[in-house]
Every structure is written in C-alpha cells, then in structure tokens.
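Structure, as structure tokens:
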Amino acid sequence: MTDLLQVTNITAGYGDGPAILDGAHLTVEPGKVHCIIGPNGAGKSTLLKSICGMLSIRKGDVIFKGERLNGLRPDQILRKGICFVPQERALFPKMTVRENLRMGGFTLDDSKELDRRVGEIMERFPILRERADQFAGTMSGGQQQTLAMARTLIIKPDIIMLDEPSLGLAPKIVQEMFDIMKMISDEGVTVLLVEQNALMGLRNSDYGVVLDLGRTLFEGPAPEVLADPRIQELYLGGKKAA
Amino acid sequence: MTATHLQTTSASAVVEARRAHNLKLARKSDQSRATWFPLVLLAVLTALPLLQFTGNYNYLLHLVLFTASYAAMASGWNILGGFTGYVSLGHAVFFGIGGYVSGMILARYGVSSLITAPLAGLIAAIIGYGVGLITLKVRGPSFIISSIALLMIARILFDNWGFIGGANGLTLPTNSLSAEWSKLPYYYAMLVIAAVSVWASYRIKHSKFGLGLRAIAKDEIKAESAGINTRFYKVLAFALSAFFVGMAGAVWGEYLTYLRPNIFLLIGVSANLVLMSILGGKGTIAGPVIGAILIVALNEIFVALLGASEINILGTGVVMILVLMFFPLGIVGTLAKSGRLPRLLNWD
Amino acid sequence: MAEIIQILILGLALGGVIALMGSGLSLVFGVMHIVNLAHPALIVAGAYVTFLGFRYLGIDPILMMIPSAIVMAVVGVVIYKLIFEKEARSAKYSEMTVLLTFALAMSVEGLLGVLFTNTHRVTSPAYATDAFFIGNVFIPKGQLYAGVISLTLIAGVALFLKYSRLGYAIRATTQNREAAELLGVNVNRISIISFALGLALAGAAGSLVSFVFSFFPAKHWEWIPMLMSVVVLGGMGSILGTVVGALVLSVIAAFVGTWIGATWSTMTFFLALFVILLVRPQGLFGEKPEMS
C-alpha cells in the first residue's frame, strides 16, 4: 500500500528566523488518525503549517499522492485535498454560521451542491442549524470549534489537519471534539492531529508521532507509543502504564 | 587555592584586555566622527557673503538661506520623527505659527524677528506641547492622519482670522539696507538657527532624554516598563521639534516680507521635512542636513528645467516613493549599515 | 421647520456622496490594512476623467461614472503591482505604507497639476444648477442625484459583498486572512481585486463629485481628514459603518454650515477626528492588524 502523505527530512522556520523544524519526517496512512505529540516548541504546529503551505520549506519534501507540494500556496494545497484547521478557531467572526459553512466550500463551483452540503452538515450538527443566522463570533468556544471542524466536511478532503482542537476548552467539551474527530475519520478522511494532551490524543488515534527539537523521534502505532517507557517518561508526564 | 588564584589573574587580565579594547573602540569612533566638519562648513558659509564684494551673489545667498531654513526644520522634525518614531505631516503648522507670531510683532510694534524668533519658537513649542498631549496618544497611521487634520484645522483658522489678515495675509515692513546687503541679517540668523538646531539635536540624541526617545521608537511598551515616562518624553520631543520649526518660520516670514496661510500652512512644507529626514537618514544628525541640501537642489533643478511648481510636487512625490521603497534607511543610514559611512558624514 | 428639513436633506444628499468617497477607502483598509492616503487624490483624478469626457465628448457626468471607474480600477492594478505588492511582503508594512500612500497622493496631485493646471473646475450638466421645490423646501437636483446614486451604488456593492462568491472571499479575507487562505481563497488576488474595486469606487465618486464640488489638484488634502473621520467613526473596514458615519457627520456639518458659517462646516469633520482620538486612545483603526 502506498502512503498518502510522505514528509521527508524537512527544515522550516518563520521568515529569516532559526529553523524550528530540522529533519522532521512523517508518514501518513490513508483513513487513519495520526496524533503528533511533543513538548511546547517541539515544532508540532510548524510541521502542519509547512505541510499546508503557510511556511516555506527550506529543505526536504512533502509528497502527497506522489506529487511534490513544496512551494505551493495554502489555497492550492487545499485544492489538492489537504485541509488545515489552525489553532484558536479559524472562523470569520462577523459572518454567520451559515456563511462560515459556505466558506468551507469555497472551492466548490456548484452553488446548488454547496447549499445541499451545507444543509447536510447542519442536519448532522443540530447546534449549527440552531445558530445558522447568528454571527460565528458570538458562539461559545466549543461551538466555534465544532463549526471549524464540521466545516471541513463540506469538501471532504483527503486529509484534515487539526491543530490542538481541544485548546482552551472545558474537559467535558474536549471529549465532544474527539467525537467529532472520530466522526470525520469514519467518513474515510485521514486525520493528522496535533495535541498537547498527549495521552488523550494518543488514545483517540491509530498512530502516534513523537516530535521534539524539530525532528521526529518516533513513529508507530499509538498503543506502542503509549507503552514505550522512554516516551512515557519524557512526553507522557512520567505516568507508568497502569 | 592555586587554581582559584590562576582564575583571578586570568580574570583581571581579561578585564584589562576588555578595557583596552573599549578604549581603542572609543578612540576609533572618535576618529571616525567628524564633528569638525559641520564647524568648517559653518565657517565657510559665514564667510560666503564676502562674495558680494566681487559681484551679485544674491541668488546663491538665497539658496543657502533657504537650505539652512530647511536644515533647521528637518533637524527639528527629526527629534520627533527620527528619534521618537512619530511621523508628523503637520509640522508646517509650527512654521506658520513662528512666522505669524514674529510677523505680527514686527507689523504692530516694529520689533524684528531676529530678536523675537526665540519667542516665536517658544509659542510654537507651547502649542506643540498642547497638541501633542492629544495626538501622541496614538501612533502609526492614526498619528499621521491626526497630524494632517491638525494642518487642515490650522489652515481654516488662519484663513478666517481677520486679525492676522485672513486668507490675504499681511505685508511686513522691509528693512532699509541696500539690495546687496538686505538679505544678510536673515542669512546669518537662519545660519545660526540651523546650527543651533543641529547642535541641539546632537545633544539631545546623546542625552538620557534622547536615549529614552530612541527606546520609545524601538518599543514603546518596553520603554514604559523600563521606567521611562513615555508620555512626557514624547510630548516634550514634539514641543522641541516645534520650537526649531517655529524659529525658522519666524525669520522666514520677515525675509519674505509677507505672511499668507497658503505659503506657510502648506502640506508640501511638511512633506519636505519628512522626505529630507528620510532621504538623509532618519534619526541621524547629518541626515536632515544632507536631505535638505539634496532636496533643495532637486527642487531647483525641477523648477529650472521644467518650470512649473506642479512638476515640483510631482517630482517630490515620485522621489519620496522611490526613497521609501528602495532606500528607507536614507543615505547616512544605508552607508552606516554597510560600514562605509565617510567620516565627513558621521556627526552622531 | 422647513429650514431644518431643508438642511437635513442637503446634509443627507452630501452625506451620500461622502459615503461613496469613503467606502472604497474602507474596503481597501479592511482587506489589506492599508490606510490609503492617496484615495482622495484618486477621487480628484476620477473627477478630471469625468471632466474630460464632459467637456470634450459631451458625455453626462453621471454616465461618465462607468469609464471613470474602469480607468481608476486599471490605475489601481498598476499601483498595486508597482508599489504595494512588494510592500505587502516587507516587515514594516503599516508604517511605511502610510507614508508611501502619502507620497503617491503628492505624485497624483502633481501629475494632475501638470496636466490640468490649478484652475478650479466643475462639470456643469443642466441638472447641476436646477432644483426641485416641495413647498418651501428646495432640493438642488445635482446634489440629490449624486446622493441617491451614491447610496444606490453602495447598496449594490454591499449586496455584491454579501451574496456573490467573490464577495464572500473579500469579506472572509477582511475578517481572517489566514483562515480564508486555508479555505482556498487566493488572498493576494483578492487584495488586488479589492484594491481595484476600491479605486473603481473612487473613480465613480469622482464623477459625482465633479458637479457637486468644484475641484482642483490640491483639493484632496481637505478630503483626507474628512474621509478619515467618516470611515473611522463608522468603524474602519465596515462599509455600512462608513455610510452611517458619513450621513451623521454630513448632517451635523450642514447644520454647522448654515447656522454658524460655511467655512466651519468642513471643520466639523476635522474636529470629529480629534474627538475620536480623545475618546479612543487605542487608535483610529481599532485592533492592530493581524500579524502576517
């Protein structure tokens, strides 16, 4: 089986600044949930940003379905089938929920089809239908994150990259976000997740990737990552597996 | 014990070496700074009117006077715009205030602006202080626009104030000197004002106050948390810059022999100050002077070659676009950055 | 009472024109975070384009809105490519661009001066000197037409922004540039389009201005603080806000002009700007532009 996305030894950073990523690699298998963990400043968000074209890659390659993505703009990469939901609500606060959903299908040319899909999403997420004509900025954090994640389903990309969807949310709501992620995954969409809460992220994933100091330290099935004593000690808060 | 001792000796050796190095650096920077050059320049310009004995050099004297007035004003502007980083496009207001204060005193009481210029500067500074209290609350685009609004407000007020002649302005008495010497009092006065402005901006830059201003330009929030009273510093910088612009305006009015809002309260005057400072090197001492010389020369070329003052506006605009896009550090700044600043231009 | 209605109508009509003048400025700021000080100078340029069409081809100034808008849109693309595209990538974006637009305003003024001299001009279609009378209230046709057309045009732009796909992209880019890009919007293209659209509005406004005010190359300086006050009062980047700001200030200015003196009516706008400064120390433009 060929890999969907292959990141090989990339170096990247902001502007002329130092390289945040230095030799990171990643293999993404279709249909699975991959969770990237690592301490603050390890380069997790930077990795997602380099894949989606927000940062230019200085060295190394991003290969998607056999095609090199280096140097493409974010809007071009989206059209290839990789969708990125950045940290801290990627919404348009002064557009209504419905308009935000429609923006999710900006790349669709058929407006009828777009309406149909927006309706479909609102069926599945009743809260969004309830708030359809309300400004997105007036909703609660959890609702906003729901909108940001649900919006990606309009175009059903091959890969969805989520940057800390649980950030700043109450623990009870965090589980809801993972449920939505599961729902996305069940649609056959490959998920690439960056999660600060490593334990929770890994338990909801098929594969785990450990990133530190800008390079990939470990890639493997999530249970193996969870069970590895060194990873437990350094990255999972030192908890012994029960 | 021996180890510790060894360390102490080596430490003191390091300190010694560092001290020697610093001395060398200081000497080097003393050598590379040409504070004598402005003095020589000043001496040459002071002697320049002797040419009048050999022929009519009135136009040359006029050009020097004109350049000196801009050098004074641009150096003044630089205290706010260059050191502090607040770009004002409204400084023509203080040029006008200076001109009108001294001009009105001359018209009513017959006291020459040569005597009242400091007073005119002071009044400009006081008004600048008041304006600064309001407009310096904001920075960046907001401040720039507030400064344009200030100029427009002043223009309406001056145009409609009958006491100072309204839009028609006032004619001032001329002095009784013969044509070849009549410029001289203003020539020397402007030279003195320019020299004082440059010297003052040098002193300010190297004072604790100037350090505070430069800290504000770099990062105002950090400057404030470092204990600098940023609000007072900024407003004082505004007042000081208005002072020098006002003094130049005072002498300029009497030299022109008339006052009119559409000559003094001109956005083009403000634009020139900005352009001169940036072209020469914003925040440097020599920059505004070099900028003044170049822009006055450029204006002369535009007008001489092409005739119309509209061409001058177009030329100034285009030069400004080019400088901002390709030369934002200016002559002094760019040369200094690449370490090729000739000593003659290093007055800092 | 008739006097008050009279002043109100004149103020609203003029306010409509001022709203159109400000709407392009607001749009460009919203999308690109550029405070375009050259916008008013480009409105004057639009007025001159109209003047040419009116004088030499006998085209009605209102019809001239279309060619004027097209010309200014093209000018907008050229200016964007020459100046702002490079600038948009530099770090000191906001500070430098304001000065750049100032220099651009001077260049436009100088160029217009060279081409057309400093003579005051005005286009004089028949309706510019005609008026309706309703009882004691007289309504100058020129100002009424200009005001109504302006507001209609702004409504059209608002509908376009609200419902068209391009409008979605423009609004989305205004609100969250990064998110828009991640949803497939080519934000650089949106910037060019918005800039061109903003200047097209300037061109159209110039046509209406040509018979409402007399104009000359340096006229734009007083429009800078005037439009800024309107746009800032309405919340920079919001076109609806710009309309409200324009109507409110222009009605106040009309009362000031009638009851205190004509010269003081423009002062209303300038003083409003200072009042806003006093009550909003965080700056005229609200939150800081997003980081690039």
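Bear in mind that the values in this text are calculations on the coordinates, not laboratory data. Quick caveat, the model's predicted, so the values are computed rather than measured. We place every Cβ from the backbone using ideal geometry, glycine too, and count neighbours over all the protein chains shown.
Put in line by how crowded their Cβ is, counting other Cβ atoms within 10 Å and starting with the fewest, B:218, B:282, C:141 read B:218, C:141, B:282.
Going down the list A:49/A:182; B:218/C:86; B:282/C:219; B:137/B:222; A:49/A:94; A:112/A:172, which pairs span over 27 Å between their C-alpha atoms? Could the numbers behind the result be given before it?
Values: A:49/A:182 22 Å; B:218/C:86 24 Å; B:282/C:219 30 Å; B:137/B:222 16 Å; A:49/A:94 25 Å; A:112/A:172 37 Å.
In this structure, B:282/C:219; A:112/A:172 exceed 27 Å between Cα atoms.
Between C:136, C:248, C:77, whose Cα lies farthest towards the positive end of the dipole of segment C:2-279 when Lys and Arg beta carbons carry +1 and Asp and Glu beta carbons carry -1, centred on the Cα centre? Farthest towards the positive end: C:77.
With a/c under 1.5 counting as rounded, go ahead and sort segment C:2-279 into rounded, prolate or oblate using the C-alpha gyration tensor (a ≥ b ≥ c being the square roots of the eigenvalues; past the cut-off, prolate if a/b is larger than b/c, else oblate). Before the final figure, lay out the partial values.
Working: a/c = 1.61, a/b = 1.42, b/c = 1.14.
Here segment C:2-279 falls in the prolate category.
For residue A:33, the amide hydrogen comes within under 5 Å of the amide hydrogens of A:191, A:206, A:207, counting only partners 5 or more places away or on other chains and with H modelled in the peptide plane. Can you compute the modelled spin-label distance between residue A:19 and residue B:211, with each label point 7 Å from Cα toward Cβ, in nm? Spacing of the two 7 Å Cα→Cβ label points: 4.0 nm.
What is the sum of charges around residue A:14, taking Lys and Arg as +1, Asp and Glu as -1, for the other residues whose C-beta is under 13 Å from the C-beta of residue A:14?
Details: positive: A:49, A:58; negative: A:16.
Surrounding charge for residue A:14 is +1.
Over all directions, how big on average is the projection of the convex hull of the alpha-carbon atoms in segment B:188-299, in square nanometres?
On the way: hull surface 31.0 nm².
Over all viewing directions, segment B:188-299 projects a mean Cα-hull area of 7.8 nm².
In whole angstrom, how long is each semi-axis of the equivalent ellipsoid of segment C:97-200, when you take the square root of 5 times every eigenvalue of its Cα gyration tensor and sort them from largest down? Spell out each step's value before the answer.
Numbers: eigenvalues 261, 125, 18 Å².
Semi-axis lengths for segment C:97-200 are 36, 25, 10 Å.
Between the alpha-carbon centres of segment C:230-264 and segment C:152-191 there is a gap of 27 Å. Of B:197, B:225, B:182, the sequence from fewest to most neighbouring Cβ atoms within 10 angstrom is B:225, B:182, B:197. Using the Cβ-Cβ distance between residue C:126 and residue C:248 with R0 = 22 Å, the FRET efficiency computed as 1/(1 + (r/R0)^6) comes to roughly 0.10.
Here's the picture: a label point sits 7 Å out from the Cα of residue A:124 along the beta-carbon direction, and within segment A:71-85 the residues with their amide nitrogen under 20 Å of it are A:78-85. Projected label points at residue B:325 and residue A:73, each 7 Å from Cα along the beta carbon direction, are separated by 2.1 nanometres.
Would you order C:171, A:79 from fewest to most other beta-carbon atoms within 10 Å of each residue's own beta-carbon? Kindly include the intermediate steps, with their values, before the conclusion.
Numbers: C:171 21, A:79 14.
In increasing order of surrounding Cβ atoms, one gets A:79, C:171.
Mind checking the full-extension length gain between residue B:258 and residue B:177? Use 0.36 nm per residue of separation minus the Cα-Cα distance, one decimal, nm.
Details: separation 81, 0.36 × 81 = 29.16 nm, distance 1.74 nm.
The span from residue B:258 to residue B:177 would gain 27.4 nm if fully extended.
The Cα-based radius of gyration and maximum Cα-Cα distance (Dmax) for segment A:146-196 are 10.4, 29 Å. For the segment C:10-16, counting C-beta atoms of other chains within 10 Å of every residue's C-beta and taking the mean gives 0. Between segment A:1-80 and segment B:157-228, the C-alpha centres lie 57 angstrom from each other.
In straight Cα distance, which aspartates and glutamates are under 16 Å from residue C:162, not counting same-chain residues fewer than 8 positions off? Residue C:162 reaches A:99, A:115, A:133. Dividing the convex hull volume of the alpha-carbon atoms in chain B by its residue count gives 165 Å³ per residue. In terms of its C-alpha gyration tensor, the protein assembly as shown has an oblate overall shape, because the principal axis ratio a/c (a ≥ b ≥ c, square roots of the eigenvalues) is not below 1.5 and a/b does not outweigh b/c. Taking Cα atoms only, the orientation of helix C:187-212 departs from the longest principal axis of chain C by about 10 degrees.
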